[in-house]
Structure formats: structure tokens, C-alpha cells
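Student: Please find one structure pasted underneath; my questions will follow.
The values are calculated or read from the model by the stated rules, or taken from the named source; none is laboratory data. Since we're looking at a predicted model, the values are computed, not measured. Here Cβ is always computed from backbone atoms with ideal geometry, including for glycine, and neighbour counts include all displayed protein chains.
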Amino acid sequence: MIDRRQLLGQSALLAAAAAISGGAQAAAPARPDWFAGVGDLTQDVAPQALARLHGRAPADLAGTLYRNGPARFRQGGTAVGHWFDGDGMIRAWKIADGKAELRARFVDTVKRRTDTAAGAMVQPGFKTQARPGALVGSADDTNAANTSVIVAGGQLLALWEAGSAYALDADTLATKGPVTFRPDLAGMPFLAHPRIEPDGRIWNLGMGGKMAFVWRLSKAGVLEAGQSIPLPMASYAHDFTATARHLVIVLQPWIKERNVLPFAHSLAWRPELGTKVLVIDKDDLSKRRVFELPPLFFFHLGDAWEETDGTICFDGCFDNDPGFASDGASALIEGRYLRTERPALRMVSLRPDGRASLDDAGITAEFPRSDPSLAGLRRTRTVHVGGYGAGRPFARSIGTWDWQTGKDDAHDFGSRQLVEEFVPVGRWLIGTTLNLDAGATELHVMDSRRVADGPVVSWRSNVAMPLSFHGNWLAA
Ligand SMILES: [Fe+2]
């Protein structure tokens with residue numbers, strides 16, 4: 001049975017929140033240079049042609065890289081309390097005929113409208129306290145639609161994690177509104193990291209304490225099936241993974257132990273519980289196995305696959321604790337860097353005899369991506385960002401880790417570039433950086449087999465956009 005009350009409990013909690021605090025004011029000046037990565041845009045970015053800096057676009061490359069990330073954190077002397085709580089902005093980087101264009105628009109959410117009307121960041125979030133003027137009737141009223149974007153059924157879906165997907169027009173980026181896949185599922189959480197099979201079928205989760213809702217959508221974005229399942233622990237989960245046959249849900253010991261706002265204050269780090277990995281048969285969600293791992297914290301996992309002996313493998317970027325999620329990402333908004341764990345690229349193996357093991361690549365990495373045509377299938381490479389420097393919070397390099405050779409083919413953009421996630425598109429890797437010297441965001445194409453050679457082509461926009469989180473490519 002679908003326990004909507006449990007999964008939507010956060011909505012009622014938010015609605016019932018009587019204690020609305022004044023919250024922290026925006027931080028004082030004296031900003032580090034990387035602060036541009038969490039800067040503010042106050043309006044949409046009008047369509048513009050990009051200036052080519054060097055190189056030549058591959059002749060066969062035509063399409064749009066859609067990306068999403070928070071782009072407004074402050075107004076009226078107030079600021080959100082966490083990197084994850086800024087207003088979502090969709091960036092469309094279009095490549096065609098050797099040229100590139102950009103346009104970007106904020107997602108027109110209830111949250112953004114409410115904040116704008118109040119002239120302050122009043123709506124609560126992951127770690128933002130509600131302020132006077134907050135209006136919260138459901139979790140979607142706090143939905144920042146700021147984490148990722150996928151294309152389904154010819155429209156964009158801007159994704160958050162604790163509420164609905166927001167639909168947008170793929171050409172104009174105009175917001176259509178929150179998506180209701182079935183009337184009784186209105187407002188059901190929909191994670192920002194769906195797993196998409198090579199044929200386009202979409203699997204996703206909605207997390208709600210010790211329950212998860214399993215979404216199965218067609219390539220066209222139509223609901224095929226939905227079912228709630230019990231979980232061994234009420235873990236915070238930003239991502240999950242999947243093989244061709246199984247869903248793999250990693251349950252870290254960052255546990256929802258109470259119902260308080262903001263949401264991050266509901267969570268407690270319980271390393272003594274270890275990490276549990278729930279493996280579920282896609283064809284029968286009641287068929288499940290649970291594996292045990294040491295206590296780990298993570299945001300992002302790579303696509304999983306199964307070896308011929310039944311071993312399930314997947315990689316991820318793992319910390320030893322949630323320090324960055326709970327504190328480090330809040331300090332960023334104030335221009336402060338807190339030294340926290342650096343995520344390490346590791347491979348998890350779940351063996352048929354029930355044992356689980358971890359192997360270290362020996363590099364720090366985030367935003368793992370792999371060839372979407374191999375999703376759920378055996379692969380050897382992981383695209384990632386890295387090169388995290390001392391005293392700086394953001395990545396400066398892009399690399400492809402080869403699990404067979406144990407080598408990283410990487411390009412260092414240098415200390416004056418903030419590097420965002422790169423997306424594999426056939427032979428190419430496409431991604432963006434914020435160039436601090438130019439004060440502008442740039443678009444790059446790399447040869448995935450020769451990453452160390454640097455971009456084969458780079459373009460520059462005329463705007464410095466705060467860093468985005470995730471995106472996907474839509475071929476023309
Ligand atoms: Fe993410």
C-alpha cells in the first residue's frame with residue numbers, strides 16, 4: 001500500500017511549523033575569489049551567441065546541454081542557509097553548426113514567487129530557517145527545483161528531491177508547473193537522480209523516512225508503475241543506482257530521527273549503524289537482499305552493473321561523515337570554507353555470498369558520470385571532477401578514471417576556474433566552468449579518450465553564473 005501520509009509527512013510538518021525564526025543575515029564582505037560560485041543572478045539570461053575561444057566543435061555534435069543549479073541565494077538583506085536552497089535556474093547550452101548559444105531562466109516556483117513577493121528569502125529549505133512571511137502548505141511550496149534536469153516526453157523536468165518535478169518548455173525554458181504523474185501521487189517526492197535505462201525507461205525514488213516510493217516512467221515520462229517499499233533505515237538519500245535487473249539503494253547512517261525544521265536538523269549521524277545496501281528486483285519489488293558496509297556518507301553514485309557471477313558493482317564518491325552536507329555547504333553561502341572530508345572515488349562490490357567490499361581508486365572526486373548507453377551494463381570508466389585544492393571548496397579538474405588500468409586521464413583547468421560536472425555524449429565530454437579571471441561561464445567539449453589534452457573547443461558567455469549541479473544532453 002502506498003503510505004502517502006508517511007511520504008508526505010514533511011508537508012504536514014512544514015505546514016505546521018509555527019516557530020518561524022528571523023534566521024541569519026547575509027554575511028559581511030571580504031569574499032574569497034571562489035565566492036562567485038555561489039553568487040546571485042537577479043534575472044534570467046537572455047539568449048546569446050557564445051564567443052569561441054579556441055578549437056573547433058566536432059562536426060557530428062548537435063544538441064543542447066541542459067543544466068540546473070541554484071542561482072539566487074540572497075535578497076533583501078537575507079540569505080538562504082545552505083548551498084542547496086537557492087532558486088533553480090535552467091541553463092540551455094546549445095551546440096549546432098560549430099557554434100554555441102546560451103539562454104537561462106529561473107524555474108518559476110511557488111518558493112521563488114513567495115520569496116520575491118516578500119522581498120526576502122523567507123521560505124524554509126534543506127537547512128534554511130523559515131522567516132516571517134513564509135507560506136508553507138506543502139513540501140512543494142519549498143521546492144527550489146534546483147538540482148538536475150532531464151528530458152522526458154519532449155519537455156524538461158527540473159528536479160529537486162523532496163517534492164514534485166517541475167515541467168518546463170524545452171525551447172523557451174518557460175515553467176509549466178509541478179508535474180502530477182497520477183492524481184493520488186500529487187506532491188510525492190521525486191529524487192533529482194533518476195536512473196535512465198539505455199532504452200529511455202526512467203526509474204526513480206521518493207524518500208520518506210523508512211519508506212521509499214519507487215517510480216517507473218516510460219521514456220515519454222508517463223507513469224508505468226509506482227509502489228512504496230519499506231527500508232531498513234530512515235536514511236537521507238540523494239541518489240541511488242541500478243543495474244539492468246536491480247535497484248540498488250544505499251542507506252547511509254545519516255538518519256531521520258525527528259520532525260523538525262529545517263530538514264537537515266532532523267538528521268543524526270549514527271556511524272554505529274553502518275551502511276546498508278538494499279538490492280531489489282526490478283520485476284518484483286518484494287524480492288530483496290541487504291548487504292552491509294562500514295559507515296559511509298555520499299551524495300552521488302555511478303551506474304551499477306552485474307558481473308556474470310552475479311556480483312553487483314557500482315562506484316560512488318564517499319566521505320567518512322556528512323560534515324560538508326551539514327555544515328560545509330552552509331558556510332559557502334557566507335563565503336567561508338570549512339575543511340571537511342573530500343569525497344573519495346570508490347568501487348562497491350556486492351557478492352552472491354552476501355559479502356560486500358570497497359575498493360579505493362585513490363583519488364578525490366565528485367559528480368561521477370558514465371556513458372548513458374551503458375547504464376546498468378558493464379563499464380570500465382567513470383567521468384568525474386576533482387583537483388580539490390587546499391582551502392578551496394570547488395573542483396578545478398575533469399578526469400576519466402579507468403577501473404581496469406587504475407589510471408586517471410585528467411585535465412587541470414587551473415586555480416582560476418571552478419569546474420562543474422561534465423556529461424558524456426558519445427565520444428565527447430561536455431561541461432562548463434566558471435572562469436574567475438574572465439568573470440564568465442564557459443562551455444567546453446573534451447575528447448573522452450584524450451582528456452589530458454584539454455578541451456577540443458571552448459566558448460565563453462558574457463555572464464558569470466553560480467555553479468550548477470547536474471545536467472543532461474539532448475541530441476538535436
Ligand atoms: Fe546530486
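Student: I'd like to know if the stretch 308-330 contains one or more residues that are touching a Cys at 6+ places or on another chain (Cβ under 6 Å) and within 15 Å of the ligand (Cβ to nearest atom).
Tutor: No: the stretch 308-330 contains no residue that is touching a Cys at 6+ places or on another chain (Cβ under 6 Å) and within 15 Å of the ligand (Cβ to nearest atom).
Student: Any idea how many residues of the stretch 204-224 are closer than 12 Å to Leu247 by Cβ and either surrounded by fewer than 21 Cβ atoms within 10 Å (Cβ to Cβ) or among the β-branched types (Val, Ile, Thr) (or both)?
Tutor: 2
Student: Next question, about the same structure. Do you know which residues across the stretch 447-463 are part of a loop (DSSP other than H, G, I, E, B) and either surrounded by 17 or more Cβ atoms within 10 Å (Cβ to Cβ) or within 16 Å of the ligand (Cβ to nearest atom) (or both)?
Tutor: Ser448, Pro455, Val456, Ser461
Student: While we're here: Scan the stretch 166-173 and tell me whether some residue there is farther than 26 Å from Arg378 by Cα and charged (D, E, K, R).
Tutor: Yes, that holds for at least one residue.
Student: Ok, one more. Between Leu261, Leu278, Leu267, Leu338, which is away from the ligand (no atom under 16 Å from the Cβ), closer than 30 Å to Ala134 by Cβ, without any contact (Cβ under 8 Å) to a residue 60 or more places away in the chain and in contact with a Pro (Cβ under 8 Å, 6 or more places away or on another chain)?
Tutor: On inspection, the qualifying residue turns out to be Leu267.
Student: Determine, yes or no, whether Gly387 is over 21 Å from Glu420 (Cβ atoms) and in contact with an Asp or Glu (Cβ under 9 Å, 6 or more places away or on another chain).
Tutor: No.
Student: List every residue pair whose Cβ atoms sit under 6 Å apart, with the two residues 6 or more apart in sequence or on different chains, where the first one lies in the stretch 352-370 and is in contact (Cβ under 8 Å) with a residue 60 or more places away in the chain and the second, anywhere, is outside any strand (DSSP E or B) and within 16 Å of the ligand (Cβ to nearest atom).
Tutor: Glu366/Pro343; Pro368/Gly302; Ser370/Gly302; Ser370/Asp303
Student: While we're on this one: Could you check how many residues of the stretch 179-196 are assigned to a loop (DSSP other than H, G, I, E, B) and either within 14 Å of the ligand (Cβ to nearest atom) or surrounded by fewer than 18 Cβ atoms within 10 Å (Cβ to Cβ) (or both)?
Tutor: The qualifying residues number 8.
Student: Hey, any hits in the stretch 348-361 for a residue that's at pLDDT 95 or above, under 20 Å from Val419 (Cβ atoms) and not aromatic (Phe, Trp, Tyr)?
Tutor: Scanning the stretch 348-361 turns up at least one residue that is at pLDDT 95 or above, under 20 Å from Val419 (Cβ atoms) and not aromatic (Phe, Trp, Tyr).
Student: If you go through the stretch 339-354 one residue at a time, how many are over 15 Å from Val248 (Cα atoms), of a type in the set (D, E, K, R) and assigned to a loop (DSSP other than H, G, I, E, B)?
Tutor: Residues in the stretch 339-354 being over 15 Å from Val248 (Cα atoms), of a type in the set (D, E, K, R) and assigned to a loop (DSSP other than H, G, I, E, B): 4 in total.
Every residue, every condition in (1) within 21 Å of the chain's Cα centre (by Cα); (2) under 26 Å from Ala440 (Cα atoms), yes or no:
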| position | (1), (2) |
| --- | --- |
| Ile95 | no, yes |
| Lys99 | no, yes |
| Arg105 | yes, yes |
| Asp115 | no, no |
| Pro124 | yes, no |
| Pro132 | no, no |
| Ile150 | yes, yes |
| Gly163 | yes, no |
| Thr172 | no, yes |
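Student: Go over the candidates Thr433, Thr382 one by one and state the one that is in a strand (DSSP E or B), within 16 Å of the ligand (Cβ to nearest atom) and in contact (Cβ under 8 Å) with a residue 12 or more places away in the chain.
Tutor: The unique qualifying residue is Thr382.
Student: What are the pairs with Cβ atoms under 8 angstrom where one residue, in the stretch 166-185, is over 14 Å from Ile90 (Cβ atoms) and the other, located anywhere, is part of a helix (DSSP H, G or I) and modelled with pLDDT of 95 or more? Sequence gap at least six, or different chains.
Tutor: Filtered contacts from the stretch 166-185: Pro178/Asp140.
Student: Select from the stretch 244-289 the residues that are of a type in the set (Ser, Thr, Tyr) and surrounded by fewer than 22 Cβ atoms within 10 Å (Cβ to Cβ) and list them in ascending order.
Tutor: Passing the criteria: Ser266, Ser286.
Student: Please count how many residues of the stretch 382-408 are surrounded by 20 or more Cβ atoms within 10 Å (Cβ to Cβ) and either within 18 Å of the chain's Cα centre (by Cα) or not aromatic (Phe, Trp, Tyr) (or both).
Tutor: Residues flagged as surrounded by 20 or more Cβ atoms within 10 Å (Cβ to Cβ) and either within 18 Å of the chain's Cα centre (by Cα) or not aromatic (Phe, Trp, Tyr) (or both) within the stretch 382-408 amount to 15.
Student: Right, Pro124: within 16 Å of the ligand (Cβ to nearest atom), crowded, with 22+ Cβ neighbours inside 10 Å, in contact (Cβ under 8 Å) with a residue 40 or more places away in the chain and part of a loop (DSSP other than H, G, I, E, B) or not?
Tutor: Against the criterion (within 16 Å of the ligand (Cβ to nearest atom), crowded, with 22+ Cβ neighbours inside 10 Å, in contact (Cβ under 8 Å) with a residue 40 or more places away in the chain and part of a loop (DSSP other than H, G, I, E, B)), Pro124 does not qualify.
Student: Residue by residue through the stretch 322-345, note down the ones that are of a type in the set (S, T, N, Q) and over 19 Å from the mean Cα position of the chain (by Cα).
Tutor: Residue satisfying the conditions is Thr340 alone.
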